[in-house]
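Colleague: If you scroll down you'll find the structure; I have some questions about it.
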Amino acid sequence: MPYPDTRLRRLRQHPAARRMLQEYRIAPDNFVLPLFVHGGSGDRREIDAMPGVFHHSPDMAAEAAAETFDAGVPAVLLFGVPDRKDAAGSAAWAEDGPVCRSIESIKRRSPDIHVFTDVCLCAYTEHGHCGVLAPDAGESCRVDNDATLPLLARMACAHARAGADAVAPSDMMDGRVRAIRRALDDAGFAEVAIMAYSAKYASAFYGPFREAADSAPRAGDRSGYQMDPANVREAMREIALDIEEGADIVMVKPALPCLDIIRRAAERFDAPIAAYQVSGEYAMIKAAAARGWMDEKRAVLESLTAIRRAGAQIIITYWAADAARWCARR
Ligand code: PBG
């Protein structure tokens, strides 16, 4: 029955009807707030390329986490910004490093918040790659996959020991999920979950993050381990392998450029799907909003709804606290 018998606008007239007919809804429960943590105390510094996002010392991170939790967001994801780097990224498993100290202060302050930690070496290695370089790598910056696995496992165990609820490997090495699962189990952390960055693309949208974490590769790029944005079928293989290796949650990243990947993953797999609205997605909207070219709140809520609609259950977003407040007031 086409027009004039059918008029889809009929149901759009009344705000209450629109509310009733809304198919997808985002809630603070879906969000995870990423937090950058560095050493020291009482210290908070805004990141240039990410206005409104800060580097926190552990006590300030606890403050930010508590505020976010109070706004209804169940979880945070910690990224360490260490004060020393070396070839193997050994600060990554330091028990007195920013991540371990932050886990402790966050948990002391907010015992019920869920703490994820990023597991990757790029912020800790002096060359800025996500694993150790092969001894004969030379100019090629070839990352040694198998030599990297025990280091990631060691990092994950250090976080678990400090009280992390779940670790999130973002390095894209083959076999890391299994290596981390085994190491956690052997160390008595069978309860600690793994959220794997499974379909992680070599994306230009990580630019501001690399400034924030000082983790840009000094030479070469990440296309030897992160995925080609042109590939879909390969993403499904990555996700399937990570689930087989023991991932509890699988992630697609970045989010908005990958809505089709999220949708496919959600249709194909029953594991919880997370999507990461990355730093470049944040910076784009912030920059446009600062110039008055877009309404920040509407652009953010629309993007988050799109990511949810595509099939993500968990959305990692720098807007987690703001968006939670915006959801409550809608
Ligand atoms: C570390 C890592 C990156 C991001 C999350 N973990 C950067 C990268 O792979 O270069 C990106 C997050 C963001 O852009 O917000 N490997």
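Every number here is computed from the coordinates shown, using simple stated rules; none is lab data. What you see is a predicted model; the values in this text were computed from it and never measured. Cβ atoms come from the backbone with ideal geometry, glycine included; neighbour counts cover every protein chain shown.
Colleague: List the extent of the Cα atoms of segment 233-330 along each of their three principal axes, largest first, rounded to whole Å.
Modeller: Largest first, segment 233-330 extends 46, 26, 18 Å along its Cα principal axes.
Colleague: List, in order, the whole-Hz ³J(HN,Hα) value for each residue of segment 298-304 obtained from phi through the Karplus relation with A = 6.51, B = -1.76, C = 1.60 and θ = phi - 60°; use x for Gly and Pro.
Modeller: Computed from phi, the couplings for segment 298-304 are 5, 5, 5, 5, 5, 4, 5 Hz.
Colleague: May I ask for the distance between the Cα centers of segment 140-216 and segment 27-42, given as a whole number of Å?
Modeller: 18 Å
Colleague: Moving to a separate point now. Nearest 10 degrees is fine. How inclined is helix 98-109 to the longest principal axis of the chain, computing both from alpha carbons?
Modeller: Once rounded, one gets 50 degrees.
Colleague: Let me ask something additional. Where the centre of each part is set by its Cα atoms, how far does segment 65-116 sit from segment 293-311, in angstrom?
Modeller: Result: 27 Å between the Cα centres.
Colleague: Mind ranking 10-19, 65-74 by how tightly packed they are, going by the mean number of other C-beta atoms within 10 angstrom, highest first?
Modeller: Ranked from most to least packed, the peptides come out as 65-74, 10-19.
Colleague: Can you give the angle from 0 to 90° between the axis of helix 279-290 and the longest principal axis of the chain, with both taken from C-alpha atoms, to the nearest 10?
Modeller: 50 degrees
Colleague: Mind giving me the nanometre distance, one decimal, between the label points for ALA134 and ASP186, set 7 Å out from Cα along Cα→Cβ?
Modeller: Once both label points are built, they end up 2.5 nm from each other.
Colleague: Separate question: Please grab the % of Cα pairs in segment 27-329 that end up more than 33 Å from each other.
Modeller: More than 33 Å apart: 16 percent of the Cα pairs in segment 27-329.
Colleague: Taking only DSSP H segments of four or more residues, each worth -39500 (n - 2.57), what value at 222 nm results for the chain once the sum is divided by all its residues, to the nearest 500 deg cm²/dmol?
Modeller: After summing the helix terms and dividing by the residues of the chain, the value is -12000 deg cm²/dmol.
Colleague: Further question: Sequence gap of 8 or more, or different chains, plus Cα separation below 30 Å: how many lysine pairs satisfy both in the chain?
Modeller: Count of close lysine pairs: 11.
Colleague: Please order ILE26, ILE307 by the number of other Cβ within 10 Å, starting at the fewest.
Modeller: ILE26, ILE307
Colleague: Okay, moving on. Among the DSSP beta bridges whose two residues both lie in the chain, what percent are antiparallel, rounded to the nearest 5?
Modeller: Rounded to the nearest five, the antiparallel share is 15 percent.
Colleague: Between ALA66 and ARG7, what FRET efficiency follows from the Cβ-Cβ distance if R0 is 41 Å, with the result rounded to 0.05?
Modeller: About 0.25, to the nearest 0.05.
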